[in-house]
């Protein structure tokens, strides 16, 4: 098709857009919604993925974890068998010392997540809810946050099981503002804790999930926070953080740690591990499985919008062919071929859907900017989503405009000239 023919098709499509605003507007709306969904959701997913990557990488490339069970285990509620993490034996905190003695390991420590334990902190007449993490004094080695006031508790305080704590800036604000939090005390139940430091979360979407956060020494949590809990043992909450020596290589360290754990568990050759070793790669793999579901939703929603737009294209173009039957006859009488007519109407259909795609792209970009500016999600539009959105819009015009274009191309010139 010539450049002139292409320009003519675009011009006619834009004229139809101005003359039949309602009819063509519905077509553009459907395509625009489909493109908007692709761009906006891709931006959000991209931003969430970046936050996750930063959070995972903050622990260091030579850090991995030993947990009781890792992964998403689907449970319908009909199975009589306990989930994997319940069937496996807990990981005692004492295992950390055994792993630290290995030649490939620089550091190993036990931590416990007590966020399931309903905790209310109170001080000077104020109260706030918080999640507790029982971690050792060297925990900040693998955390991307900062201590903005005071300090983290020391090894001596940890070994003595002293009731000291580091609280995050939100908890400090809730309990003590406008006073300084460091050096003051708060209570959890009947136990008082001394605030030795204030922690600031890294600028990350996931870092702030779970509300206010309190760090206490591992031994302190054992001593004060679970003494009245009878239905679960502290070991059931434990995971191990292992830092491999820099010059060793994480793969070699994992192999050595796995061998030592199997020996301590008394597992025979051929028996399956009753623990999981979690690396950055395995965390990324699991995350990618979860985000794949979001991409499936994005594809389904955008497909609906494009389908609605495509049906509108057929309706608009069929009416256009009918209204311009005599014009088509004149063009054929003057020498236009079937191919010329076909391409003219395909260009018109593609122009309509591309206009809708451009509008959807602009609105999607605006939504991404609003999300990035006013929420914790660092929404960023990936370049591939722009090309995909415009290509999908143009493809919709080609596919759904093909039927009316073929119909126009097959019109008999003599019958078309007689059409009133």
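Just so you know, all these numbers are worked out from the coordinates, no wet-lab data involved. Computed from a predicted model, the values in this text were never measured in an experiment. Reconstructed Cβ throughout: ideal geometry from the backbone, glycine too, with neighbour counts over all protein chains shown.
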For this session: Using a 10 Å cut-off on Cβ atoms, rank the peptides 350-361, 320-331 from the highest mean neighbour count down.
Result: 350-361, 320-331
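Residue 284 to residue 190: FRET efficiency via 1/(1 + (r/R0)^6), r the Cβ-Cβ distance, R0 51 Å, to the nearest 0.05? Provide the component values of the computation, followed by the final result.
Numbers: r = 43 Å, r/R0 = 0.85.
Given R0 = 51 Å and the Cβ-Cβ separation, E is 0.75.
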Problem set entry | Relative contact order for the range 304-419, counting Cα pairs under 8 Å that sit 6 or more residues apart, in percent | 52
For this session: Classify the range 94-209 as rounded, prolate or oblate, taking a ≥ b ≥ c as the square roots of the eigenvalues of its Cα gyration tensor: rounded when a/c is under 1.5, otherwise prolate if a/b is larger than b/c and oblate if not.
Result: prolate
